[in-house]
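Only the coordinates and a few stated rules stand behind these numbers; no lab work does. All values reported here derive from a predicted model rather than from experimental measurement. For neighbour counting, all protein chains shown are included, and Cβ atoms are generated from backbone atoms with ideal geometry for every residue, glycine included.
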Amino acid sequence: MNRRIWKTALIGFVTIILLNWSCTKLDTTNLGSDLLPLVDNVNTFADSIDVLAYQGLFSDSTKINKTDDLVLGKITTDLDFGKTQASVYVQLKPARFPFSIAPVGDTIIGFDSVVLCLRFKDAWGDTSVPQQITVREIPSNTGGTWDSLFQSKFITFSPIPDNSGQLVLYNNAPYQLVDIRRINDKIIFANGKDSVSGQIRIRLSDEYATKLFNQDTAAVTRPGYLGNAFYKDSIFRSIFKGLAIESLSGDALMSINLADANTRIEIHYRKKSNNVTDTTYTSLNLFTEDFGAIFPSAIANKVIRDYSNVPFLPIPVPRVPADEIYLQTTPGTFTDLSLPGLNSFKDTNRIIHRAQLRIIQIPNPDIISDKKFTVPDFLYLDLKDITNAVDYKPVYFDLNPGLFYNPDNIPVNSYYPGEVQYGYFGGFAKLMTDPLTGRGINFYDFNITRYIQQMVTKHNINYDLRVFAPFRFNYRQYSPQVFGYPNNLAHGRVKVGGTNGNYKMQLVIIWSKIKVL
């Protein structure tokens, strides 16, 4: 009995040793050490396929959801990618119509202030430089699509609406300074009865406060009463088009969320109830209820990139392969990739163990610049659609091997898996030590093994590829449906190696011959 137990234990011990030895052997490969099989050049081989990389520049807009994090701020010192101006437009309304500033039974005896509050999420860039934030009232004669309750987009060129309205900052100040490093500090207000953190607070002018106060539904009989915007949503929208929020100077972009309850207009006032005087406030938020129907407010996020004097422009026509590629998160840039060397694989009998595209960051001589303006969290790879010169389509098989999808299913909705399995497909930023400078740099790996195997086995088309850093994207030849990606809007940029050079892109393929018996 004891001999049998010892024999079983010995077998288990030897098995563990062999497994550990096998894992160690896999770790000896530098490129994708935890995933690439061992190359012995007897049974298993490795080839590096050169990549022709072409610089691209997006010039369109995309949709945003009301719950998305928008961007507000200004970038001024990024010499590689130029300047960025991000402005936010929003209508904030009462929770419901008809609306009264004070509850029934209370008497308003004075107005204290009106404060615009924006829910801060995070920031990208140099947060040590204060932002000069200005707020203007959108002119009441602004028409067009801004009047739509469902306006929801960011705009790269044409402003919707514009920034020509009346400045509405307290004491007619040209701007309010916002120290990004202090936004998460706790702020106590309402005479110590309330507090908040992670909120940008901007006091608005007394004139704007009076305009709100004079629209109060409960004030119909008050002398000097001017209107009744708080009675119905359509009336409110005709008088209060909303606010244009802009940064005049700074060197960072702030992510804010308009749907969060901490984004609001606080109306602070003094009231008397049961002969007791108190100071309190009420709020205007993003969503409102009008006689039982829920109406979202209009929002827009204008993000303008100024590419004056950046290294990658002008892009030559016709385009030529570039050794340095500039990738910037939406709205930004992309690269098209061509791999003519793959054609030699198509008519061979091979098993593809791993096909991995590696993209490596080129370190900036200015170390501070790379620390301030960090890389995108994720890159995405898709295919050039040969049926249309301007269209792209998802890569076959590798986005999510656990879900069925087929990029040739037009217009069936199974052309995209709906979610990407990043652990398999890759595309997320990882750190490595640059052997040339000794500095930490980022790199991205894409696993396209199944796609390459099908190309070899079935002699499929060798498509050109596209790599970019999306916030949201869609394939218009299929449907208007959009897909989100885990990047913050406009956060992140990276210069990477292209066609040639020490950091050039390469597709590494680990393969074996199929033995014919």
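If you take all other residues with their beta carbon under 13 Å from the beta carbon of LEU204, and give Lys and Arg +1 and Asp and Glu -1, the sum is 0. Only lysines eight or more places from LYS346 in sequence, or on another chain, were considered; those with a Cα closer than 23 Å are LYS384, LYS393, LYS458, LYS513, LYS515.
Taking the Cβ of PHE473 as the center, what net charge do the other residues with Cβ under 13 Å away carry, scoring Lys and Arg +1 and Asp and Glu -1? Don't skip to the answer; put the middle values down first.
Details: positive: LYS63, LYS393, ARG466, ARG472, ARG476; negative: ASP60, ASP382, ASP391.
Summing Lys/Arg as +1 and Asp/Glu as -1 gives +2.
Measuring nothing but how far apart in sequence close Cα pairs (under 8 Å, 6+ apart) lie, relative to its length, the stretch 364-451 scores a relative contact order of 25 percent. Our estimate of slack between GLU419 and THR433, defined as 0.36 nm per intervening residue step minus the Cα-Cα distance, is 1.9 nm. The residues packed around VAL115, meaning those with a beta-carbon under 9 Å from its beta-carbon, carry a net charge of +2 if Lys and Arg are +1 and Asp and Glu are -1. Each residue, ALA389 and LYS83, gets one label point 7 Å from its Cα in the Cβ direction; the gap between the two is 3.4 nm.
Subtract the Cα-Cα distance of ASN502 and LEU57 from 0.36 nm times their separation in residues, and report this length gain in nm to one decimal.
Working: separation 445, 0.36 × 445 = 160.20 nm, distance 2.41 nm.
Residue separation times 0.36 nm, minus the Cα-Cα distance, leaves 157.8 nm.
Pairs with C-alpha atoms separated by more than 19 Å, drawn from the list LYS83/LYS371; LYS211/LYS241; LYS193/LYS232; LYS74/LYS302; LYS193/LYS272; LYS302/LYS371, are LYS193/LYS232; LYS302/LYS371. Label zone of ASP366 (point 7 Å out along Cα→Cβ, amide N under 14 Å): in the stretch 234-259 this covers 251-252. What separates the Cα centres of the stretch 418-472 and the stretch 324-348 is a distance of 10 Å. Remark: spin-label model distance SER234-GLN166 equals 2.6 nm, labels positioned 7 Å along the Cα→Cβ axis.
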